[in-house]
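Visitor: The structure that follows is given in the form of structure tokens.
The values are calculated or read from the model by the stated rules, or taken from the named source; none is laboratory data. For clarity, every value in this text was computed on a predicted model and none was experimentally measured. Positions of Cβ are backbone-derived with ideal geometry, glycine not excepted, and every protein chain shown enters the neighbour counts.
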Amino acid sequence: MPFTDNRRFKAHPRIVVGAKDMYYISDDGREILDGTAGLWCVNAGHCRPKIVEAVRQQVGQLDYAPPFRMGHPGAFELSERLIRFFPGGFDHVFFGNSGSEAVESALKIAIAYHRVRGEASRTRLIGRERGYHGVGFGGISVGGIGPVRKAFGSLLPGVDHLPHTHNLEQNAFSRGQPQWGAHLADELERLVQLHDASTIAAVIVEPVAGSTGVLIPPVGYLERLRGICDRHGILLIFDEVITAFGRLGASSATEYFGVVPDMITIAKGLTNATVPMGAVLTRPGIYEAFMNAAPENAIELAHGYTYSGHPLACAAALATLEVYEEEGLFAHAQELSTYWEESVQGLKGLPHVIDIRNLGLVAGIELESIPGKVGERATQCLIQCFERGLMIRVTGDIIALSPPLIIRPEHIDRMMEILSTVLQKVD
Ligand code: PMP
């Protein structure tokens, strides 16, 4: 099983057999409140009839269409919808099947983009410590998580990392964006001096780092990254696999922070996780660079997947976007974010809690680790929460919460009740 302590799982198997709206149903028939929207992806809640019906209809009408030298209307319709859906002026879309594939696509587009413009020396990629960008070789190379990288050799050459922005001494229990840390973006300027801008293709960051424990960007940090990239002709990629589709109470982090990158990667909430799908959106000039390249630089973007723009995924995504809009789910998330902040920050003072971070409808609760047993305390919380009817996610000793956006105050109260009981009991 992926990212699972397989030996230990057998001792505490957690199996779900059904789901509806805010709840999973476990194999022993219990309702489990979904505190994580699956894996940050079921943003509209589970088994929404409109999405289920759209997929059902599509599978009976056009089950599959090759995306190479052919198309089907759903993929074009979805591209048009996504371009209008996200502010920021993105004007082209490239589809894959997951967040990892979206990231690989974005990194390859970045390098090839410079090449078709006659700057083939720009191949270096810059990620960030504690960044998670999926599990392709590109993604783990720009990603900054030791355990995800260390079994796989030397990875991509020519990759560097910015420092992460997590600092308990400066920022513990910040509500929303921490005040301290914007200057850490200036490390990019140092890397430019070190390697020379003419060798750097792109910088990729998660605007809010999710998988390593909900790290919220300091005030001014993303703006500073944007400024440095602009000065040196470096493409800025926001990996919005978690932050797009309402998690922050806006369509995207791009909209929420008002900082527009050159590409965004999306997945997860794109189809409400009903059918796997990921995509890259690019800003004006990127597609045109390939179309209008001088003959000596011209190359095709030789990249794509058998299931790029799969008809079922397109149908699911189009229905999902309708649900988000008809139900005003992003505005709902925005409205509830104050109640959410008060509730999660209310866990301060409970045993072992050394930091709480929140933004929109996402939160990270960091626990002190048991010496020599990193992750043990949070794993105990996960097991006990599940037994009491709440699904949480843990990473190291950080509990991450990201409920479906249809959540109501009474669900938040129930989540906090279970969490505080468990935090008081856990060793
Ligand atoms: N990027 C980010 C920011 C993610 O959070 C994830 C998944 N958690 C990925 C990429 C990879 O997505 P997938 O698991 O769909 O490949």
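Visitor: Given the conditions (1) assigned by TED's automatic domain parsing to the domain that holds Thr243; (2) under 24 Å from Arg408 (Cα atoms), which single one is not true for Asn43?
Guide: Only one criterion is unmet by Asn43, namely (1).
Visitor: Still on this structure: Quick one: in the range 283-312, of everything that is within 16 Å of the ligand (Cβ to nearest atom) and surrounded by fewer than 21 Cβ atoms within 10 Å (Cβ to Cβ), which residue is farthest from Arg115 (Cα to Cα)?
Guide: That would be Tyr307.
Visitor: Additional query: If you take just the helices (runs of 4 or more DSSP H) that sit entirely in the range 72-185, which of them hold at least 2 residues that are touching a Lys or Arg at 6+ places or on another chain (Cβ under 8 Å)?
Guide: Ranges flagged: 99-116, 137-142.
Visitor: List pairs: first in the range 99-113 and in contact (Cβ under 8 Å) with a residue 24 or more places away in the chain, second among the hydrophobic types (A, V, I, L, M, F, W, C) and near the ligand (Cβ under 9 Å from one of its atoms), Cβ under 7 Å, 6+ apart or cross-chain?
Guide: Gly99/Val241; Gly99/Ala267; Ser100/Val135; Ala102/Val241; Ala102/Ala267
Visitor: Okay, moving on. Is it fair to say Ala363 is outside any helix (DSSP H, G or I) and surrounded by 17 or more Cβ atoms within 10 Å (Cβ to Cβ)?
Guide: It is true that Ala363 is outside any helix (DSSP H, G or I) and surrounded by 17 or more Cβ atoms within 10 Å (Cβ to Cβ).
Visitor: If the requirement is being under 26 Å from Val219 (Cα atoms) and in contact with an Asp or Glu (Cβ under 6 Å, 6 or more places away or on another chain), which of these qualifies: Thr265, Thr254?
Guide: Thr265
Visitor: Considering only residues of the range 93-110 that are of a type in the set (Gly, Ala, Ser) and more than 13 Å from the chain's Cα centre (by Cα), which is farthest from the ligand (Cβ to nearest atom)? First the steps, then the outcome.
Guide: From the range 93-110, those of a type in the set (Gly, Ala, Ser) are 96, 98-100, 102, 105-106, 110; that's our starting set.
This time we only want the ones that are more than 13 Å from the chain's Cα centre (by Cα), so: 96, 105-106, 110.
Numbers: Gly96: 9, Ser105: 12, Ala106: 10, Ala110: 16 Å.
Per the stated criteria, the residue is Ala110.
Visitor: Continuing with the same structure: Being of a type in the set (A, V, I, L, M) and not in a loop (DSSP other than H, G, I, E, B) is the filter; apply it to the range 401-417 and report the residue that is farthest from the chain's Cα centre (by Cα).
Guide: Looking at the filtered set, the residue picked out is Met416.
Visitor: Could I ask something else about it? Restricting attention to the range 192-219, and to residues there that are more than 16 Å from the ligand (Cβ to nearest atom) and surrounded by 22 or more Cβ atoms within 10 Å (Cβ to Cβ), which single residue is nearest to Ile264 (Cα to Cα)? Please lay out each step first, then the result.
Guide: First, pick out the residues of the range 192-219 that are more than 16 Å from the ligand (Cβ to nearest atom): 192-201, 218-219.
Within this subset, residues satisfying the condition of being surrounded by 22 or more Cβ atoms within 10 Å (Cβ to Cβ) are 200-201, 218.
Numbers: Ile200: 18, Ala201: 15, Pro218: 20 Å.
Among those that are more than 16 Å from the ligand (Cβ to nearest atom) and surrounded by 22 or more Cβ atoms within 10 Å (Cβ to Cβ), it is Ala201.
Visitor: A further question follows. Could you tell me whether Val374 is out of contact with any Leu (no Cβ under 8 Å at 6 or more places or on another chain), without any contact (Cβ under 8 Å) to a residue 40 or more places away in the chain and among the β-branched types (Val, Ile, Thr)? Talk me through it step by step, then tell me what you get.
Guide: Values: out of contact with any Leu (no Cβ under 8 Å at 6 or more places or on another chain): yes; without any contact (Cβ under 8 Å) to a residue 40 or more places away in the chain: yes; among the β-branched types (Val, Ile, Thr): yes.
The answer is yes for Val374.
Visitor: Taking the condition within 25 Å of the chain's Cα centre (by Cα), on the phi < 0 side of the Ramachandran plot and not in a helix (DSSP H, G or I), does Ile354 pass? Let's see the steps before the verdict.
Guide: On the way: within 25 Å of the chain's Cα centre (by Cα): yes; on the phi < 0 side of the Ramachandran plot: yes; not in a helix (DSSP H, G or I): yes.
Spelling it out, Ile354 is indeed within 25 Å of the chain's Cα centre (by Cα), on the phi < 0 side of the Ramachandran plot and not in a helix (DSSP H, G or I).
Visitor: From the list Gly144, Gly139, which residue is touching a strand residue (DSSP E or B) at 6+ places or on another chain (Cβ under 7 Å) and within 15 Å of the ligand (Cβ to nearest atom)?
Guide: When all the criteria are applied, what remains is Gly144.
Visitor: Also: Condition (residue is surrounded by fewer than 21 Cβ atoms within 10 Å (Cβ to Cβ), more than 15 Å from the ligand (Cβ to nearest atom), assigned by TED's automatic domain parsing to the domain that holds Leu225 and assigned to a loop (DSSP other than H, G, I, E, B)) applied to the range 264-282: is it met by at least one residue?
Guide: no
Visitor: Has the range 113-129 got any residue that is out of contact with any strand residue (DSSP E or B) (no Cβ under 7 Å at 6 or more places or on another chain), of a type in the set (A, V, I, L, M) and within 16 Å of the ligand (Cβ to nearest atom)?
Guide: Looking for residues that are out of contact with any strand residue (DSSP E or B) (no Cβ under 7 Å at 6 or more places or on another chain), of a type in the set (A, V, I, L, M) and within 16 Å of the ligand (Cβ to nearest atom), one finds none in the range 113-129, hence no.
Visitor: Same structure, new question: Can you pull out the helices (runs of 4 or more DSSP H) entirely within the range 5-66 that have at least 2 residues that are surrounded by 13 or more Cβ atoms within 10 Å (Cβ to Cβ)?
Guide: 37-40, 49-61
Visitor: Follow-up question, since we're still on this one. It is to be established whether one or more residues within the range 160-167 are away from the ligand (no atom under 15 Å from the Cβ), buried (at least 21 other Cβ atoms within 10 Å of the Cβ), over 30 Å from Gly346 (Cβ atoms) and in the same structural domain as Pro261 (by TED's automatic domain parsing).
Guide: yes
Visitor: Determine if the range 221-229 includes at least one residue that is at pLDDT 95 or above, touching a strand residue (DSSP E or B) at 6+ places or on another chain (Cβ under 6 Å) and of a type in the set (Val, Ile, Thr).
Guide: For the range 221-229, residues at pLDDT 95 or above, touching a strand residue (DSSP E or B) at 6+ places or on another chain (Cβ under 6 Å) and of a type in the set (Val, Ile, Thr): absent.
Visitor: I would also like to ask the following. Within the range 35-58, count every residue that is β-branched (Val, Ile, Thr) and within 16 Å of the ligand (Cβ to nearest atom).
Guide: 2
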